[in-house]
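Visitor: This is the structure I have questions about; it appears just below.
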Ligand SMILES: [Cu+2]
């Protein structure tokens, strides 16, 4: 039951906007009416079926300009007051989360709850599930927390995510017996805002296009704020487009590292989140094998690894058993010859060096190595529908797109792909570009092929196709897009929309 007047008023306004857009001569008038809307009864019905505890978790978030301290250097940025890498939002599965967002930024914004199968009208996508929240405006997000796990949130407007506007969202299952003594949230980020440029300036620079230096192997070369020749074999070639002066763990660069303390022998659950804009990380803890237990919030059959690769938007949970001493916690920025570092300290010993190397005696784990546990595997069933998302475009024109169409966030329904509630849907990410892309689907957690892990964000290597499946059980209008902030900003997004009836 929703009795929040502001929300209702807002939804009415949103419906008017959609109608007006249809009348304004765009071709989608009939299309718009044939798809389930964010304010529809179907969305309410799906929400009413979600398990609820009756407890409400309330938070106030203000998105605003601020100054952060990066190892003694001040950087002007935009961030949330009320949440950050080290100030997560946390609740139990079934709790209602109520977040009062105030926008004190000079630009419109929204909040997207990454990875959650939540009610569509709370998904935070401007002009698709809500109107953008204008400067000086406010919006009340309210939804039931649907699944336990490691999630996060960030704006879904332009390239705002590449500022300080992000924080973890952790959902606990009180019935889950955690076999560990401590838990740490580890947020990885690549940072440039207020140090060399703003993300908007970088987007403008990239938008001019750049020469294709694919195949060159001379190490990364900085040109303005962009990068040439940053390659990683783990990513099938070109690793990233953007130069970052700093890499952070929990908001701190290697010169002023976060220190995690524990007692030797303690089991520690790590919740690792890649909140970066354009950087894949190889993560590990020196001299500590990882037992990977979850991908994007969902449990997997435990997998032993030395390190794990995370694309932007991906989350992995892993358990370590703390040794005695001080150890480097390292997130290598793949292809960029730099890294984020933190410290695990359980005893005396000097802190590890900023350039402490993560060993690579074994291939780092990726999603392809992992299997879902039976309890979360999708039941065997033939797909009713296959949606092909061909990843297209390149660096020369910076025309990243899906199926050759660049998303216009003013009319996100223009090229929407349809599906129907109740279907088993196969989503085929076909990468026809020369670069890897971390592809993300909103509102659903699909499964990788062959009993693979449940995920909502997956690395798709150049020239490869990844076919995933999900059950269409969350009606509404959902984005699927590249989680490289600059690729998404250039238009590498599409809308997947439930059809009426
Ligand atoms: Cu991409």
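The values are calculated or read from the model by the stated rules, or taken from the named source; none is laboratory data. Keep in mind it's a predicted model, so treat the numbers as computed, not measured. Reconstructed Cβ throughout: ideal geometry from the backbone, glycine too, with neighbour counts over all protein chains shown.
Visitor: Of the residues 190, 173, 200, which is buried (at least 18 other Cβ atoms within 10 Å of the Cβ) and modelled with pLDDT of 95 or more?
Guide: 190
Visitor: Let me ask something additional. More than 16 Å from residue 189 (Cβ to Cβ) and in contact with a strand residue (DSSP E or B) (Cβ under 8 Å, 6 or more places away or on another chain): is that true of residue 332 in this structure?
Guide: Here the answer is no, as residue 332 does not meet what is asked.
Visitor: Across the stretch 253-273, which residue is nearest to the chain's Cα centre (by Cα) among those that are more than 18 Å from residue 290 (Cβ to Cβ) and not in a loop (DSSP other than H, G, I, E, B)?
Guide: 253
Visitor: Now a separate question. Can you find, within the stretch 434-450, the residue that is nearest to the ligand (Cβ to nearest atom) among those that are in a loop (DSSP other than H, G, I, E, B) and surrounded by 23 or more Cβ atoms within 10 Å (Cβ to Cβ)?
Guide: Once the filter is applied, the top-ranked residue is 436.
Visitor: From the list 391, 427, 479, exactly one residue is within 13 Å of the ligand (Cβ to nearest atom) and either in contact with a helix residue (DSSP H, G or I) (Cβ under 6 Å, 6 or more places away or on another chain) or not in a loop (DSSP other than H, G, I, E, B) (or both). Which is it?
Guide: Sole residue among the options that is within 13 Å of the ligand (Cβ to nearest atom) and either in contact with a helix residue (DSSP H, G or I) (Cβ under 6 Å, 6 or more places away or on another chain) or not in a loop (DSSP other than H, G, I, E, B) (or both): 391.
Visitor: So is residue 413 modelled with pLDDT of 95 or more and within 16 Å of the ligand (Cβ to nearest atom) or not?
Guide: Taking the combined requirement at face value, the residue does not satisfy it.
Visitor: Return the only residue of 404, 463 being within 15 Å of the ligand (Cβ to nearest atom) and without any contact (Cβ under 8 Å) to a residue 24 or more places away in the chain.
Guide: 404
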